[in-house]
Amino acid sequence: MDILNNLVFGFTVAFSLQNLAYCFIGVLLGTLIGVLPGIGPLVTIAMLFPITFNLPAVPALIMLAGIYYGAQYGGSTTSILVNLPGETASAVTCLDGYQMARQGRAGPALAIAAIASFFAGCVGTLLIALAGPPLAEWALLFGAAEYFSLMLMGLTAAAVLTHGDMVKGFAMVVLGLLIGIVGTDVNSGMARYSFGVPELTDGVGFTVVAVGLFAVAEIVVNLELKEAREVFTSKITGLMPTGKDLKDSSWPMVRGTAVGAFFGVLPGTGPALSSFATYLLEKKIARDPSRFGEGAIEGVAAPEAANNAAAQTAFIPMLTLGIPASATMALMLGAMTIQGIVPGPQVMISNPDLFWGLIASMWIGNLMLVILNLPLVGVWVRLLRVPYRWLFPSIIMFSSLGNFSVNNSPVDVYLCAVVGVLGYILVKLECEPAPLLLGYVLGPLMEEYVRRALLISRGDPTVFFTRPISLAFMIATLLILVVMIAPAVRKKREEAH
Amino acid sequence: MQHSFLTRSLVLVLLLAAAAGASAQAPAGYPNKPIRFVVGFPPGGTNDIVARALGQKLTENLGQSFVIENRGGANTAIASELFVRSAPDGYTIMLNAPGHATNPALMKLPFDPIKDFAFITLVAETQNLLVVHPSFPPKSVEELIAISRRHPGEINYASSGTGTTVHLSAELFQYMAGVKWVHIPYKGGGPAVIELLAGQTSVYFGNLPTVIQHVRAGKLRPLAVTGARRSPVVPDIPTVAERGVPGFEVTVWYGVSAPARTPRAIIERLNSEIVRALNSPDLRARLTNAGADPVGNPPEQYAAFVQNEIVKWAKVIEAAGIKGE
């Protein structure tokens, strides 16, 4: 049992007093910055980067990793409590988490988020240990054609995201797509829809869109209603999830973990996409899909499991191939190279203490996080009792701070305000923000991949059907379409008879 | 009255002269507050890492914090635009990168890339490494040129984005070797390398530190480095110029500048401090580990270097017909 020996070795590394301390500092910091909206792990890790010069490589990496996955835990807190996504990946948690909080069930929502994250984190860690290298090789099979087909499948499935009106849902996806393509075109280097504003040449940031759409719009809507606050605070029913809650969320947690682990390994898709995908999946297979968006606990458990599983498995391409899946990962890669460790396939052999110690520390870190987060649930819920006149300005201030800190750019703060107004109009028109966000995330990616696939095939569209993995996704897309259309057709026929 | 006015004027003139004299020397107590160190990219890239490593050493040596300010976008142009408008008092400096020299030919800039800057020193240099997928036949630059001539417009090369040195190295190569490839751009070096490893594309001029581990693992075949000299990191790999494309040279560089009109004394002080930092063994080791060779030259040499780069890339971009914004 090589793996077992390696894991035992990893735990002996991770259990040293120094490494435990740095792991704890990392996850604590991660939780805090996760709770503060906009101030993400990237900025924090960048600021702490020089500190790692004077640390040995193992504790340095353990701490940075702790910040990274700790932020995924903390990110859900503000999503649930005040509809403010603290992290990119927790935007989806807003949909049902916030509704649960409005129904007085903020406690169970927060607890389930922590439990789901813990479960997913453990599985993700185990997956890195057991199957890291082969999974990384497998991820290499995904080329532009495969990514496009995968996303086409996702977007088709997204039609179920909409509550009622299909046309409105479709319009929202297209609007999101339009916002998404603002910025420099990858192929020609031309700026699109930048209106001469240099800041727009890099597009509209995810934090800008998510925070504007959810948090700012929600505050504006709430300001219209007097005494709406009461609904919120008067009936907080229990802090911990009931047995039924746990039973309802157990399978979504497992499925969320699987979906998250899948997307995490694929470089360039990441946690945000995984939480969307799993939410769609849960809604599709639920017996009563109408509960989603109205405070379904599955809608919290699944995405939270997914984004944490993805956060863990995103280490696979970084550790085994030396390929960073995101800017945060690139920074961790930088921390390794600057210490003289060459990341890549040989890191397991040349630095086994780093590889196995890091994996073991992730498991320990996840345990610390759940211990840290469960008692905090009570504290967070009490936050809901803060009067609106204090809460609103604080949310706006933190959102603006967070948006500013991503690029040190005041333009992002103004843009967020504009998106907030748009979000308010959408609420008034009874249009859902979620399909917009999905179109915003998926649209530009699909464009990039379809154009690249066609560029490589010299314009031959059969490439999507001749590559086996791509073909499989195409067939799945067709099946989804049939499943979606069939009931409608049958209904029509029955009416005709 | 007249007399006292004259006296006052005289005193004023003397004071002004004294002030002017003082500004020609190193201002007493400089630096006495934190210094902003602007980086034209978001955190995480090599630029950011070089700036943070250097900033940490300067903070140690000068006793004042060098605060990294990431201002990403338009290949350093957005950061530069704000930077040139900051006070030329020595409390704002910037890390320049190759984008500084390629942007003038690619886009309309709201600042002058030479006149608006007071160049301090070239911090470090690295180069690109020409690699191919192992399944792709050429074993040398000469063979690559030969096969490219036999199959014009059939070979795919990847880049980390339009206008990057990775892209422009390939354009310069096609232009000088007289061959034609198809450009497959990616958003950043990470995705480009992944699909190169998977064999989706065949040729790539990657930043040395980002591809070297794959070469060592045998997943990519190195053909040549793009610098004027061989790299100390991989001394057995020839340069492109040695192998059939004489005069070919692409350097990836990192330098530090201040806004124009920063007092000469401050520029000299910063130059000597950065050179001293670059000579310290720990910073040298960190930069070398990150794949960059420390330089540290005088301000005039650095300014001339940037000037040369701008002229050179303007020619390549014009010849290759690369469209900007």
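Which of the residues spanning segment B:204-214 are in contact with a helix residue (DSSP H, G or I) (Cβ under 7 Å, 6 or more places away or on another chain) and either more than 9 Å from every other protein chain (Cβ to nearest Cβ) or not β-branched (Val, Ile, Thr) (or both)? Within segment B:204-214, B:Tyr204, B:Phe205, B:Gly206, B:Asn207, B:Pro209, B:Val211, B:His214 meet the criteria. Considering segment B:36-109, the qualifying helices (runs of 4 or more DSSP H), each wholly inside and each with 3 or more residues that are within 11 Å of chain A (Cβ to nearest Cβ), farther than 23 Å from A:Ile338 by Cα and of a type outside the set (Asp, Glu), run over B:77-83. Only one entry in B:Tyr302, B:Tyr254 is in a strand (DSSP E or B), in contact (Cβ under 8 Å) with a residue 12 or more places away in the chain, among the aromatic types (Phe, Trp, Tyr) and surrounded by 19 or more Cβ atoms within 10 Å (Cβ to Cβ), namely B:Tyr254. Could we say that A:Ala191 is crowded, with 18+ Cβ neighbours inside 10 Å, within 19 Å of the chain's Cα centre (by Cα) and of a type in the set (Gly, Ala, Ser) here? In short, no. Restricting B:Thr288, B:Thr226 to residues that are closer than 14 Å to B:Glu125 by Cα, within 14 Å of another protein chain (Cβ to nearest Cβ) and β-branched (Val, Ile, Thr) narrows the list to B:Thr288. Please verify whether B:Gly188 is open to solvent by 10 Å² or more (accessible area, probe 1.4 Å), at positive phi and within 9 Å of another protein chain (Cβ to nearest Cβ), treating the condition exactly as stated. When the stated conditions are applied, B:Gly188 passes them.
State the number of residues belonging to segment B:78-106 that are open to solvent by 10 Å² or more (accessible area, probe 1.4 Å), closer than 13 Å to B:Phe117 by Cβ and within 16 Å of the chain's Cα centre (by Cα). Number satisfying all stated conditions: 1. Just give me the residues in segment B:191-218 being of a type in the set (A, V, I, L, M, F, W, C), in contact (Cβ under 8 Å) with a residue 60 or more places away in the chain and open to solvent by 10 Å² or more (accessible area, probe 1.4 Å), in sequence order. If the condition is that a residue be of a type in the set (A, V, I, L, M, F, W, C), in contact (Cβ under 8 Å) with a residue 60 or more places away in the chain and open to solvent by 10 Å² or more (accessible area, probe 1.4 Å), then B:Leu197, B:Ile212, B:Val215 are the ones that fit.
When the criteria are applied in full, A:Val406 meets the requirement of being over 19 Å from A:Tyr193 (Cα atoms), within 18 Å of the chain's Cα centre (by Cα) and open to solvent by 50 Å² or more (accessible area, probe 1.4 Å). Tell me, yes or no, whether segment A:110-122 has at least one residue that is touching a helix residue (DSSP H, G or I) at 6+ places or on another chain (Cβ under 9 Å), assigned to a helix (DSSP H, G or I), at pLDDT 90 or above and among the hydroxyl-bearing types (Ser, Thr, Tyr). Yes, segment A:110-122 contains at least one residue that is touching a helix residue (DSSP H, G or I) at 6+ places or on another chain (Cβ under 9 Å), assigned to a helix (DSSP H, G or I), at pLDDT 90 or above and among the hydroxyl-bearing types (Ser, Thr, Tyr). Would you confirm whether or not segment A:433-441 contains a residue that is in contact (Cβ under 8 Å) with a residue 24 or more places away in the chain, farther than 29 Å from A:Lys168 by Cβ and either open to solvent by 20 Å² or more (accessible area, probe 1.4 Å) or over 24 Å from the mean Cα position of the chain (by Cα) (or both)? Checking segment A:433-441: not a single residue is in contact (Cβ under 8 Å) with a residue 24 or more places away in the chain, farther than 29 Å from A:Lys168 by Cβ and either open to solvent by 20 Å² or more (accessible area, probe 1.4 Å) or over 24 Å from the mean Cα position of the chain (by Cα) (or both). None of B:Arg221, B:Arg230 is modelled with pLDDT of 90 or more, within 22 Å of the chain's Cα centre (by Cα) and open to solvent by 30 Å² or more (accessible area, probe 1.4 Å) except B:Arg230.
The values are calculated or read from the model by the stated rules, or taken from the named source; none is laboratory data. These figures come from a predicted structure and were not determined experimentally. Cβ atoms come from the backbone with ideal geometry, glycine included; neighbour counts cover every protein chain shown. Note: accessible area is taken over every heavy atom of the protein model, side chains too, but ligands, DNA and RNA are not part of it. Shrake-Rupley method; radii C 1.70, N 1.55, O 1.52, S 1.80 Å.
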